[in-house]
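Contents: one structure, followed by commentary.
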Amino acid sequence: MKSKIFYFGIFFLISIFCLTGLNSSAQTEDVPDYDVLIKNGKVFDGSLKPAVKVDVAIKDGIIVKVAKSIKGTAARMINAKGLHVTPGFIDLHTHVDGGMYFPENRACLNYLKQGVTSIIVGQCGSSAWPIFEKAEDQMNRWSEEGIGPNAALLVGHGTVRQIVLGMEDREPTQEELEEMKALVQEAMEQGAHGLSTGLIYLPGSYGKTDEVIELVKVIAPYGGIYHTHSRDERDKLLDAVKEAVEISEKSGAPVHISHFKVMEKPNWGLVKEACAIIEEAQARGIQITADQYPYQFSNGYPYVSLIPGSAWRGSGDNGGLTSSDIEAIFDHLRDEQLIELYLKVTPYIPLSEHHQQFLEKLPRERLVRRVARSLIYMGNFRGPGNARERMLFIERMKDPEEAQKIREQIRTYLENTVGAENFIIAICVEKDLEGKSLKQVAAKKRKSIEETAIELELMGAKCIPFRMCEEDIEYIMKKDYVGTGSDGTAPFYGIGLIHVRSYSTFLHKIKKYALERKAISISHVIRSQTSLPAQIMNWEDRGWIKEGYKADIVVLDLNNIKTETSISNPHVYSTGVKYLLINGKFALDKWKWTGKLPGEVIKLKES
Ligand SMILES: [Zn+2]
C-alpha cells in the first residue's frame, strides 16, 4: 500500500513534470514561426518570369522566406490556391496628396482596392509643401496619423517658383534662383525624393530650361530623381522629350517622364520618334524612364463640352460674368476682410501658420484672385445651364450667317482635336446615348454632327474626347522602361466627375492589356508596376517577392478582376485583390479594408 502510494506519488510528480514540460514546449510552439504564411499561390516575383508555385513567409514586416512548401507555423495562414501573389503595386505618379489632406481619405481606398501599396506624390510641379507647410511637417503628420499606402514625396518646381517669384512671367534674378535652390535643398534634406515640374502649368511654364537644370542640380547629389510633366504632349512632344534629356544630361540626375503620351489625332504616332529619342539617350548612359496610365482619355476632369467656348459665347461682350468681374468686386475689400472670407471657406482647417503667413505675404492682386476663386467656382457661371448665355446662343443661332459660323467653328474644333468618332458621350439625360460616340449619335438621330453637338450641348450632355490612340498606348506600354502611374486622386467617394484612372488603373492594365488584348504578358504588366518603379525610385527593399524585402504583397484573383468604373459612373471600386499586405500588415483582408493605415512615409535614403 505504502509502495503504491509511493509509486503514485512518483507518477504524480513525473506527470506534473511532464505536463509542465509539455506545457513549456507547447508555449514555444505557440509563438508561431511566421506572422503570415501565404501557401499554394502562384507567385510573380516582379521579374518577367512566369508565375511559379511557391510559398511566401512574412515576419516583422519583411519577406523572410520564399520557397516550395514552407513548413512551420504562422499567426495567419493564407491559402492562396487558385490565386496569384505579386509584389505590391507602386504608383509612380499620383495627385492623391490633395485629397489625403483630409483624414477620411488618408487610406486611399480607391488605390488599396487596386493593390497599390506605395505612391509618389507632389507631382506635375505642384506640392502643398513648402507653400503651406514644410515637407517635413507633412511627413510627420502622415507618419503619426497613418496613411493607407506608403508614400514618397517630390517637391514641386511650380510651388517653389510661386513662393519666390509669385506668378510673374520672367526669369529669376541670381538671388531669387538661390532662394529657389535653397527651398529645394531644404525639402531634400527633409527626405524628399526629388523635384517635379509641370511645364505646361502656370507658373511652372515660365521656368526656362536653364532654371530647371539649376534646380535639378540641387537634387542630384542626394540621389534624387527629376519627374516631369513635359512642356508639350501634342505637336511639340519631341522638343519636350529632348528638353527632358538635356536637363538630365546637364544636371546629372535621372529623369522620369510622367504620363507619357501624345494627344490629339493629328499627332498620333509621334510617340515612336519620342521613344527613339529616349532610347538614344539611354544608349549614351542617361537614366531616363517614363510612366503611363492605360486610357485613351486624359485630365483629372476629362469631361468637355461639345461646343468650343468661342462658338458658344461668340464675340463681343455677351459672355456674362467673368472671373475678372468677380475679382473687381472683391478688390473693394481690405486685405484683412479678404483673409477673413478665405478663412470661412477654406477646407484647410485649421490653417497652418505657414499657410496664414503665405496669405499675408501675397501681393494684393494674387490675394484677391485666390480668395475670389476659393469663394466662387467660376464654372458655375458658364455653359448651357446659364440662362443668359443659353438665350444669347439660341438668338445667335437664329441668324443664318451666325449659325453657319457656329457650325464651322464646331466642325474645326472636332477635327482639330480627335474627330466626332472619338468624342464619347459620357453623361446625358438620354441614358441610351451614354458610351456612344458623337458620330454614332448623329447617325442615330439622322442629323449632322454639328446639329447633334448643339442638341446635346443644350441638354447638358458631357462628353470625353479620346485624345490618345490604342496603338500609341500599346507601343509605349511594351517598352521596358515604362512603369505605371495613374495620375489619379484621392476623391471623396461618390463626389464629382473624375477620371476613372483613380479607381482602376492597375487592375485595368492587367485585365485589358494582358488578359484580354494580350498586347503584353502578365509578368510584363506586373513588373511595370512593381520592380521597375522600385528601381526607378531607387528603392532597394521594395518591389519584389524576395527574401529580405518589405512585405508589400498583393494576393490577386486574376480570373475575377472587376473594374466597373465608367465614364458615366466613375466612383466604383475595383475588385480582384483578396489580400493586401503593406509592411506586413493587412490593409485588405478577404476583399475588405481592415480599417488600418499601415503605410509608411518613404524618405530618400541618405547616400
Ligand atoms: Zn501632369
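The values are calculated or read from the model by the stated rules, or taken from the named source; none is laboratory data. Note that the structure is a prediction, hence the values are computed from the model and not measured. Every residue, glycine among them, receives a Cβ derived from its backbone with ideal geometry; neighbour counts consider all protein chains shown. For the accessible areas, the whole protein counts, side chains as well, though only heavy atoms, and no ligand, DNA or RNA atoms are used. Shrake-Rupley method; radii C 1.70, N 1.55, O 1.52, S 1.80 Å.
For the reader, a short list of remarks on this structure follows.
- Flag if residue 340 is more than 26 Å from residue 402 (Cβ to Cβ), assigned to a helix (DSSP H, G or I) and open to solvent by less than 60 Å² (accessible area, probe 1.4 Å): no
- Residue in the range 196-212 that is in contact (Cβ under 8 Å) with a residue 60 or more places away in the chain, open to solvent by less than 60 Å² (accessible area, probe 1.4 Å), among the polar types (S, T, N, Q) and not in a strand (DSSP E or B) present: no
- Test: residue in the range 241-250 that is within 16 Å of the ligand (Cβ to nearest atom), modelled with pLDDT of 95 or more and not aliphatic (A, V, I, L, M): yes
- For first residues located in the range 100-124 and free of Cβ contacts under 8 Å to residues at least 40 places away in the same chain, partners that are acidic (Asp, Glu) and within 16 Å of the ligand (Cβ to nearest atom) and lie 6+ apart or on another chain with Cβ distances below 8 Å form the pairs 119/91; 121/97.
Conditions (1) under 30 Å from residue 278 (Cα atoms); (2) open to solvent by less than 50 Å² (accessible area, probe 1.4 Å); (3) more than 17 Å from the chain's Cα centre (by Cα), marked per residue:
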| position | (1), (2), (3) |
| --- | --- |
| 453 | no, yes, yes |
| 459 | no, no, yes |
| 471 | yes, no, yes |
| 483 | yes, yes, no |
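- Some residue of the range 195-208 being in contact with a Leu (Cβ under 7 Å, 6 or more places away or on another chain), closer than 17 Å to residue 152 by Cβ and at pLDDT 95 or above: yes
- Restricting attention to the range 218-235 and to residues that are more than 16 Å from the ligand (Cβ to nearest atom), of a type outside the set (Gly, Ala, Ser) and open to solvent by 10 Å² or more (accessible area, probe 1.4 Å), the residue that is nearest to residue 473 (Cα to Cα) turns out to be 235.
- Selection within the range 397-442 - assigned to a helix (DSSP H, G or I), open to solvent by 20 Å² or more (accessible area, probe 1.4 Å) and β-branched (Val, Ile, Thr): 412
- Within the range 311-334, if we keep just the residues that are open to solvent by 60 Å² or more (accessible area, probe 1.4 Å) and at pLDDT 85 or above, the residue that is farthest from residue 382 (Cα to Cα) turns out to be 334.
- Restricted to the range 68-174, the set of strands (runs of 3 or more DSSP E) holding at least 2 residues that are buried (at least 24 other Cβ atoms within 10 Å of the Cβ) and within 16 Å of the ligand (Cβ to nearest atom) comprises 116-121.
- The set of residues in the range 63-99 that are touching a residue at least 60 places away in the same chain (Cβ under 8 Å), out of contact with any helix residue (DSSP H, G or I) (no Cβ under 6 Å at 6 or more places or on another chain) and of a type in the set (A, V, I, L, M, F, W, C) comprises 63, 64, 66, 78, 80, 83, 85, 96.
- Flag for residue 192 being small (Gly, Ala, Ser), under 20 Å from residue 123 (Cα atoms) and more than 16 Å from the ligand (Cβ to nearest atom): yes
- Of the residues making up the range 264-277, those that are open to solvent by 30 Å² or more (accessible area, probe 1.4 Å), closer than 15 Å to residue 479 by Cβ and out of contact with any Leu (no Cβ under 8 Å at 6 or more places or on another chain) are 272, 276.
- Scan of the range 502-542 for residues that are within 28 Å of residue 98 (Cβ to Cβ) and of a type in the set (Val, Ile, Thr), ordered by number: 505, 510, 525, 530, 536
- Residue within the range 166-186 that is modelled with pLDDT of 95 or more and within 15 Å of the chain's Cα centre (by Cα) present: no
- Scan of the range 245-263 for residues that are assigned to a loop (DSSP other than H, G, I, E, B) and crowded, with 19+ Cβ neighbours inside 10 Å, ordered by number: 253, 254, 258, 259, 260, 261, 262, 263
- Checked across the range 360-372, the condition of being part of a helix (DSSP H, G or I) and touching a Lys or Arg at 6+ places or on another chain (Cβ under 8 Å) holds for no residue.
- Test: residue in the range 311-334 that is within 16 Å of the ligand (Cβ to nearest atom), within 28 Å of residue 98 (Cα to Cα) and of a type outside the set (Phe, Trp, Tyr): no
- Test: residue in the range 278-289 that is part of a helix (DSSP H, G or I), surrounded by 15 or more Cβ atoms within 10 Å (Cβ to Cβ) and modelled with pLDDT of 95 or more: yes
- Every listed requirement among (1) more than 22 Å from residue 526 (Cα to Cα); (2) open to solvent by less than 10 Å² (accessible area, probe 1.4 Å); (3) more than 14 Å from the ligand (Cβ to nearest atom) is met by residue 305 save one, (2).
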